[in-house]
1. Out of the range 67-103, which residues are surrounded by 20 or more Cβ atoms within 10 Å (Cβ to Cβ) and among the polar types (S, T, N, Q)?
2. Give the range 246-281 a look and list any residue that's under 30 Å from I169 (Cβ atoms) and in a helix (DSSP H, G or I), or say none.
3. Do you know which residues across the range 352-397 are crowded, with 24+ Cβ neighbours inside 10 Å and among the polar types (S, T, N, Q)?
4. Restricting the range 200-221 to residues that are hydrophobic (A, V, I, L, M, F, W, C) and in contact with a strand residue (DSSP E or B) (Cβ under 7 Å, 6 or more places away or on another chain), which is surrounded by the most Cβ atoms within 10 Å (Cβ to Cβ)?
5. Return only the number of the condition from (1) farther than 24 Å from T333 by Cβ; (2) crowded, with 18+ Cβ neighbours inside 10 Å; (3) charged (D, E, K, R) that E189 does not satisfy.
6. At pLDDT 95 or above, under 24 Å from the mean Cα position of the chain (by Cα), β-branched (V, I, T) and exposed (fewer than 15 other Cβ atoms within 10 Å of the Cβ), is that true of T224?
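The values are calculated or read from the model by the stated rules, or taken from the named source; none is laboratory data. Because the structure is a prediction, the values reported are computed rather than measured. When we count neighbours, we look across all protein chains shown, and the Cβ atoms used for this are built from the backbone with ideal geometry, even at glycine.
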Amino acid sequence: MHTITFEPTLDHAPKALATDLIETVLHASDPAHAFKKHFDPTTINAKTHILAMGKASIAMTNAAIECLGGQFARATVVSTPELVAQAQFKNKFVELCIGDHPLPTHRSVNAANTIIEHARSIPSDQQALVLLSGGASALVCSPKPSTTLEHIVETTNTLLQSGAPIQEINAARAQHDTLKAGGLAEILEQAAYMETYTLSDVIGDDLSIIASAPTFRAIPSPHTIIASNQAALNALCAWAAHQHITIAHLNRSALGSAADEGRKLAKQLMNLPADSASPIAVCLGGEPTVDASNTTGTGGPMLELALACALELAQPSTPQLDDQSPKSWIVFTLATDGRDGPTNAAGAIITSTMLSTPESIAQAQQALTEHNTLPACDAIGATLRTGHTGTNVNDIAIAIRYPSG
């Protein structure tokens, strides 16, 4: 179970709904369960070393150690400060390293050096398991001699602030880092065998992009995707069915502006037949972005998407979806790693009662324009927080319309 907190003003019904949905989605994208499901023990025939990097690295490593049994040699694990502080390993042959995210620091460089030293020390008659998950690109950073950490930070920050897609960001990272774009695979060539297991945070699961591809190279090595955004979306759809909510439209690759994706979601819901006798919904999965390069506002893609969707549904020009009930629709968004952009929020749950006055609508519109969505969602009681979840399979969102009566 995860510790989920809501704003004090949120009613019990949407709070219970959101809690159930969050637990369902996070259970489906649990890294340990996913690793055990996909692990192939027949490939292990010697002592095996683990090199793990990312927000899910701790859970994946624990699962891998359990699966390896007596064949486990030792592990180097890199994750965020918060997740490292919570980590528990029963095995003493695990070295935990702290890196930083979304921008690398000297801790990220130190973590990379520890990974490199471990990789180089693996005997030629022993094997290597590389465990990758979202955040690894920043958590582990090994600048090439031709560049500096400061240049990497500046380049990455500019791209992040502009809302650039992850493909562009990780391509830029790979140009300046010795471990990325197959760099780690080159170091591990002396090992008897190398295999990579990945919890994907890239829509489409492109191995040349995920974690900036430390083990991806021209001569492929075994690589298994253990879970991705599809797992979260499938769980969302299963949850909706259990709640007797009909999913009328599903977008599996929402990669545009978060505000635009939110407005599209609202319009899809508004365009559905109004005579449905049961709750009806539209949902999406993906990695929407926010261009915050010209603003000092605080917010993230899931907060922005939720607010944009809710505002579209709440406009006075919009026909009332339910003339008798003020709770005729709900918008829910979730960043599965528990961190929506630079905020400590995981997402939002917005009901039609939260934007029921001209004043609340005007304030929300201004916040959206200024990309200042965290204070706006806090103010209307919509923000939800989970803390660091230990997984990362991108984002999901659902907008639900309830029938009249």
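1. Matches in the range 67-103: T76, S79, T80.
2. Passing the criteria: A258, A259, D260, E261, G262, R263, K264, L265, A266, K267, Q268.
3. Correct list: T373, T383, T389, T391, N392, N394.
4. A211
5. The failed condition is (2).
6. yes
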